[in-house]
1. Where in the range 221-304 are there helices (runs of 4 or more DSSP H), lying fully within it, with 1 or more residues that are within 28 Å of SER325 (Cβ to Cβ), β-branched (Val, Ile, Thr) and at pLDDT 90 or above?
2. Looking at the structure I just gave you, is HIS238 over 32 Å from the mean Cα position of the chain (by Cα) and in contact (Cβ under 8 Å) with a residue 12 or more places away in the chain?
3. Is there any pair with a first residue in the range 209-233 that is under 20 Å from VAL59 (Cα atoms) and a second that is in a loop (DSSP other than H, G, I, E, B) whose Cβ atoms are under 6 Å apart and which are 6 or more apart or on different chains, and what are they?
4. What is the residue count in the range 130-152 for residues that are hydroxyl-bearing (Ser, Thr, Tyr) and touching a helix residue (DSSP H, G or I) at 6+ places or on another chain (Cβ under 8 Å)?
5. State whether one or more residues within the range 561-578 are buried (at least 18 other Cβ atoms within 10 Å of the Cβ), polar (S, T, N, Q), within 23 Å of GLU378 (Cβ to Cβ) and modelled with pLDDT of 95 or more.
6. If the Cβ limit is 6 Å and pairs must be 6+ apart or interchain, which residue in the range 605-624 that is more than 19 Å from LEU566 (Cβ to Cβ) and at pLDDT 90 or above pairs with which residue that is open to solvent by 50 Å² or more (accessible area, probe 1.4 Å) and part of a loop (DSSP other than H, G, I, E, B)?
7. Across the range 137-160, what is the number of residues that are surrounded by fewer than 20 Cβ atoms within 10 Å (Cβ to Cβ) and assigned to a strand (DSSP E or B)?
8. Tell me yes or no: at least one residue of the range 3-21 is surrounded by 13 or more Cβ atoms within 10 Å (Cβ to Cβ) and either of a type in the set (S, T, N, Q) or on the phi > 0 side of the Ramachandran plot (or both).
Amino acid sequence: MRRPLCLLGLVYVSAVFIAISFLAGRTPTYETLDKEHVIVAGYVEGKEYRMSQERKVSVISLSEAVIIQENQVAILEQFLSDSEKISQNRLHNSWKKNRGNLSREDAGGIEGVLCYMQEGKQPQMGSLVLMQGKFRAFSHASNQGEFDAADYYRIMGKQGRVMECRFVAQSSAYDVFREKMWLLRDYLSLVVDACYDGEDASVMKAMLLGEKGTLDADIKELYRQTGIIHILAVSGLHLSIIGMGCHKLFKKARIPNVINIILTIGLMYCYGTMTGMGISMLRAYIMFGIHLGASLAGRTYDLLTAVTVAAFVTLLRQPFYMWHSGFLFSFGAVCGIGLFLPAALENLLGHSKAERAFFSGALVSLSTMPVYLCFYYEFPPYSVFLNLIVIPCMALVLLCALFGMAAAVCFLPLGQILAEPVHICLAFYEKCCSVCLKLPGNRWITGCPKPWQVAAFFGILAVLVVCNNRLSKLHFWQGVLCALFVLSVRIPQGLQVTVVDVGQGDCIYLSDDRVNMLIDGGSSSKSDVASYQIVPFLKHRGVSQLDAVIVTHPDSDHISGICTMLEQTAGEEHIEIGALYLPDVGNAGRNEGYRELERLSTAADVPVYYIGSGERIWRGDIMLTCIHPEKGWNTQESNAYSTVMHLTYGGFTALFTGDLEGEGEQRVLRNIREDRSQDLNFRDLTLLKVAHHGSKNSTSEAFLKELNPKIALISAGRANRYGHPHKELMERLEKQGCMIYNTQESGAVTVRVRGRKVQVETFLE
């Protein structure tokens, strides 16, 4: 049997996939501990620096962690003070045996935490420590496309953070080797800071030392948008340059081959430990070791067998890495090189080096495209060309940076001189990225592919590889195009109405496959709601342009995200807006927020329309009719003049009410009762977006009786200080017989309409 390890590895990976998909269960969040002062103990697994509230803080990663019962703290302090009398093995065995008895009942599943330290003493690597601070739970995403912190940190083996953490005590025993590697990294970080300016220093510390926590956010986002963020990871490129460089150097020094390999692997292990041994580094290290071992044994190095062993070891270490983007990108790229690339290169029409180089980069990108789309919902087409420029230069960047760092240790001015070529290359990278972002079609937003699409994509590629010898070149490339089509195609969904969970605020998404619109988009409880909730949701749905954005009124909890989107002419938040609709009210109602929207729209070249009672917006099969306010109505109460829109889509009807209450609601109710000239169906409404987040003074009993809605949707923040939705309002809705959905409990709520069928889907239930 050829490559038996590959077959065994495939079976193991399949078993891990099935286990974590169907047996792992939902990640606990420990919200009962949130914001509570706790005492935590555990082993120092890692140390790094991160930016928190615009300042650099030390973050300690604890493994085998326990939230300690208060009555056990003194006992543990005494135990740690006596630890110098106990060997490290006995200490570890004692901790492993008794840690369950020390844990609080409501924190039994916690295995690891991140401690954001205050200024003061730093614990040593591998030591058992006692810390004190405020616990912050990781939360789940409540919208499609939103980053799920709880799931991500579960993969990383962490179940919470301890903020403003204070060091209490530690054991005398610690891991001397890992502590020395950390001190070396910390020292080299200072050397890099001395050789480079701010942005360049943060990039080089990420590239050379694996220190990503202080990486400049704008540079990181620029590299991500253009598809070259992989150059910031310590990975196979580093090992090929450093590892093979050392190996060849030792060879020239006539060091025996066995000692040469041992020294090289040992040095690479030290480097990997110093840089944190990330997923890419671990994969590259294992494959590098197998490569050297094969040369020592006189065997042929097999890429696929090596990557299988690396995957096995990585997943054995942490099975949940199966869902980690770094794992999927790293191993996906290598599998693409080993499986798909050879077959594809055989089908090239020409054989020039330029053509082979271009297609090699493009085909490796193709093999990882499903991963990119599943995590980022878009693909940068120009990344194929950009990587052809960037990757060849990386050897020069790394060599200059490594020699410069070594030189700076001995003589700082020499290190600063050698840093100049690196600065030029980084400036060149940044310029290339900026140019790519200005080119037309710089982003291909497809949305998140369905599981069946990913399976079909890889199935087609597998068929192309297996049947390569029996296919013509034309048929091979037709198969590749077919795989791309399957991955990017979107099945018609009919009308979708989604109340996005933006906390204490409003954001409603409307779509019928051809048209995409928003009604409001803001929050008063979530900062930068556009970047973290609204835009990721739109990208997940494959939306690159909004045909219309309707603002009901200019309160910040309805417009903060829209303002951010209008301010962005490029970058992650850049979603094209076709038109902005504002309520057509008198000057008294055009407050500061209203004028800010007008100003931002003018600056972004977005046309502004003013809409009043009786006017309509017709897009595709969606008809929106404005019921309120009357044109030119002069009032300073923005809630009262909230734009009320009636939606008609076949037999489906809905009413969107903003923060309507008081005099405004009375006017709408009177108009509904007295003016039927618009041929709108208000009675037996299918869907009502409940006004003002479910406040006590909105959506009166008379209003509900007139509309008789079947479904009521409420958008309100969890544990908000206003008490929304109010108990009396909920009782009115229940009395009316409405099906009630609340973003506090359900996350984003989507109503799908296909013909006469109406289906309600909640994100969290």
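1. Output list reads 257-274, 279-297.
2. Criteria not met by HIS238.
3. LEU209/THR275; GLY210/VAL234; GLY210/THR275; GLY210/GLY276
4. 2
5. Scanning the range 561-578 turns up no residue that is buried (at least 18 other Cβ atoms within 10 Å of the Cβ), polar (S, T, N, Q), within 23 Å of GLU378 (Cβ to Cβ) and modelled with pLDDT of 95 or more.
6. GLY612/LYS631; SER613/GLU630
7. Selection size over the range 137-160: 1.
8. Yes, because at least one residue in the range 3-21 is surrounded by 13 or more Cβ atoms within 10 Å (Cβ to Cβ) and either of a type in the set (S, T, N, Q) or on the phi > 0 side of the Ramachandran plot (or both).
The values are calculated or read from the model by the stated rules, or taken from the named source; none is laboratory data. Small disclaimer: the values here were computed from a predicted structure and weren't measured. Virtual Cβ from ideal backbone geometry, glycine too; neighbours counted across all protein chains shown. Quick note on the areas: whole protein, heavy atoms, side chains included, nothing else; ligands and nucleic acids left out. Shrake-Rupley method; radii C 1.70, N 1.55, O 1.52, S 1.80 Å.
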